[in-house]
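Asker: Encoded as structure tokens, here's the structure I'll be asking about.
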Amino acid sequence: MAKSGSLSINSENIFPIIKKWLYSDHDIFYRELISNGCDAITKLKKLELMGEFEKPEDVEYKLLVTVNSNDKTITFEDNGLGMTEAEVEEYINQIAFSGAQAFMEKYKDKANEDQIIGHFGLGFYSAFMVADKMTIDTRSYQKDAKPVHWESEGGTSFEMEEGDKENFGTKITLYLNEDSTEFSNEYRAREVIEKYCSFMPVPIFLENSAAEPQYETIEKDELTEKDTIVETIVEEAKTEEKEKEDGTKEVVEVSPAKEKYKILKRPVALNDVSPLWNKHPNECTEEEYKNFYHKVFMDYKEPLFWIHLNMDYPFNLKGILYFPKINMEYDSLEGTIKLYNNQVFIADNIKEVIPEFLMLLKGVIDCPDLPLNVSRSALQNDGFVKKISDYITKKVADKLSGMCKTDRENYEKYWDDINPFIKFGCIKDEKFEEKMKDYIIFKNLEGKYLTLPECLEENKEKHPNKVFYVTDEKEQSQYINMFKKEGMDAVILTHNIDSPFIGQMEQKNKDLKFLRIDADITDILKEETKEEDEEKAKADAEKAKADGEALAEAFKKALANDKLDVKAEKLKDASVASMITVSEESRRMQDMMKMYNMYGMDPSMFGGNGETLVLNVNHPLVQYVLNHKDGENVGKICEQLYDLAKLSHGSLTPERMTGFIARSNEIMMILAAE
């Protein structure tokens, strides 16, 4: 007997919310309906294992999605539990009633740790975001169950009657609205299914009923009972004329005649029902890990290494986290962590579950125990989720610290690629920092890797509690050479994460100070004064002061810059005439301004740019300026010394570079004339 009525909504006016706001991505209906079908099959498999259902021998569990762009329809058909009329009434006509909950309650003692993907309810109604009309044809697996036909237009009323479905399972047909016809396109459907359903535990097939049939040709021994033969192709035997020993010729059969068959193209499942993360790590090969990485992340580069997560208690979590090789110049520093719930894709990079610093990695995490909200697209931020996040952090820290302790050679080999991730983790996560602080290493000027205590120990005589560092070996080569001549060391810190990271290290180590190699002229680089005569020492100091003032006046005049900070020093390395230093505080302020896109702001607002022109009084050119203040070429020499210092420190502005080239030519002409 046919039945019609209004849908029983458990919350007032909830349907418009479901249709417009509950799911931000309209393609999500594919995931919901396919996962419901997989759920129905998963339940039926459980009943089969418990002896409450006997599957016919010719039946293979699967889910078929059929699109038809001409009719603007999509069908989802599974051979799972199916539903009786009473179950349709309960699970479909009463929105938000969980079928999975009732099933679990009934079989909680028999189905040990049963993991149900989803349930009929709100997920089912996500289809009304794209469909004007929906029909259900279903038949329960139960003996003598009658088929049921259900349909609804608009989602607020329904009609239900006895159907004509012959086999158990459920078939849902969507009649798409005009705004959503794209979803009946085969390629769009394939894209969405591969996005959400690539690893669901039941084979998923896609068929385009509006397309021309496709064929393939197979050998006779490849033929199976399931193949539909369209044409039998007989290939004649191949022969060859060969000469016999007596000189006569004969025709010899090279390959016998064979039959081939043209068949309807065999359907290929779109998903992998046994993803690599479900295997035990001992069962996975290096090749499998790499192939999985290439397939899931479409990254042609090889991952450096990976962590296979496999936990059953106190919660169920599996996954693989890959450390990718990052091209710092071109690549984004954001990775992709795909979150799954029982092999159903939920979303990328959910920060409640995955610590922010792990977003630099690529990987998959499958946690059936995650408390999802009704749309499966967000997580309840509760203590359980925090425990999962802490577990993932711990496993990553354990992997890295273990590698440093037992495989130091590889740890050092990977360090340049993984150190931004580790440092970011130390800044963002206190527990991670606590576990990793003893495994932070620094590469020195000789390419040797040292821990912080080792760096301090090696240089405690020359600069106690100070670590000098280099951010650009090319630009700071002048300073590096001076350090090397004096047997001093520095570490290489080239990434933009290094500035906040060393700031954090200074906060946690009260007496520690990081200084860029060009921050100041350390006393070790200056000429030692061993003046025993107090009067002479005083006179030398006064002369040095006067020389400094004279040089400052000459350079400020030549460069037309009254704000120029000039310092005169006697350096051990007499080959260095001039150099630029930038105070550590000012440079870090400039770095911060760049990080926060404060490019238009004047650094002097924060106490000047910290730049100092250092002149080596022991160099002949500097002495020439001192002794010929009013000389014809002094202005050119001052400008040239300043530009050379700027060049060795970095680069010149376009205007100064133009002047530098012209002046260099002019100086060479003067020398040539002499």
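Asker: LYS195 versus LYS629, label points 7 Å from Cα toward the beta carbon: distance in nm?
Answerer: For the pair LYS195/LYS629, the computed spacing is 7.5 nm.
Asker: Please label the shape of the stretch 426-533 as rounded, prolate or oblate, based on the square roots a ≥ b ≥ c of the eigenvalues of the alpha-carbon gyration tensor (a/c under 1.5 means rounded; beyond that, a/b larger than b/c means prolate, else oblate).
Answerer: On the way: a/c = 2.23, a/b = 1.72, b/c = 1.29.
Verdict is prolate for the stretch 426-533.
Asker: Out of all DSSP beta bridges in the stretch 399-542, what portion is antiparallel? Express it as a percent rounded to 5. Let's see the in-between values first.
Answerer: Working: 4 of 10 bridges.
Restricted to the stretch 399-542, the bridges split so that about 40 percent are antiparallel.
Asker: For each pair in LYS387/LYS428; LYS386/LYS435; LYS295/LYS423; LYS338/LYS395; LYS301/LYS437, compute the distance between the two Cα atoms and list the pairs where it is over 21 Å. Write out the running numbers ahead of the final one.
Answerer: On the way: LYS387/LYS428 17 Å; LYS386/LYS435 18 Å; LYS295/LYS423 29 Å; LYS338/LYS395 17 Å; LYS301/LYS437 29 Å.
Check vs 21 Å cut-off fails for LYS295/LYS423; LYS301/LYS437.
Asker: OK, next. For VAL59 and ASP407 in the same chain, what is the full-extension length gain: residue separation times 0.36 nm, less their Cα-Cα distance, in nm?
Answerer: Values: separation 348, 0.36 × 348 = 125.28 nm, distance 5.12 nm.
So the extension gain works out to 120.2 nm.
Asker: Counting other C-beta atoms within 10 Å, and keeping those with at most 13, which DSSP coil trypsin sites (Lys or Arg not before Pro) do you find in the stretch 266-306? Please list the in-between numbers first.
Answerer: Values: sites: LYS279, LYS290, LYS295, LYS301; in loops: LYS279, LYS301.
Of the trypsin sites (Lys or Arg not before Pro), the ones in loops of the stretch 266-306 whose Cβ has at most 13 other Cβ atoms within 10 Å are LYS301.
Asker: Want the number for GLU235 to TYR313: 0.36 nm per residue separation, take away the alpha-carbon distance, what's left? Show your work: numbers first, answer last.
Answerer: Details: separation 78, 0.36 × 78 = 28.08 nm, distance 6.05 nm.
Full-extension gain reported as 22.0 nm.
Asker: So, for the stretch 205-282, what is the accessible surface per residue at a probe of 1.4 Å, expressed in square angstrom? Walk me through the numbers before you get to the answer.
Answerer: Working: 5990 Å² over 78 residues.
So the stretch 205-282 comes to 77 Å² accessible per residue, rounded to a whole number.
Asker: With each pseudo-label sitting 7 Å past Cα toward Cβ, what's the GLU446-GLU356 distance in nm, one decimal?
Answerer: So the two model labels end up 4.0 nm from each other.
Asker: How many nm separate the modelled label positions at ASN167 and LYS485, each set 7 Å beyond the Cα in the direction of the Cβ?
Answerer: Label-label distance for ASN167 and LYS485, simple model: 8.6 nm.
The values are calculated or read from the model by the stated rules, or taken from the named source; none is laboratory data. Computed from a predicted structure; not experimentally measured. Here the Cβ is made from the backbone with ideal geometry for all residues, glycine too, and neighbour counts use every protein chain on show. Quick note on the areas: whole protein, heavy atoms, side chains included, nothing else; ligands and nucleic acids left out. Shrake-Rupley method; radii C 1.70, N 1.55, O 1.52, S 1.80 Å.
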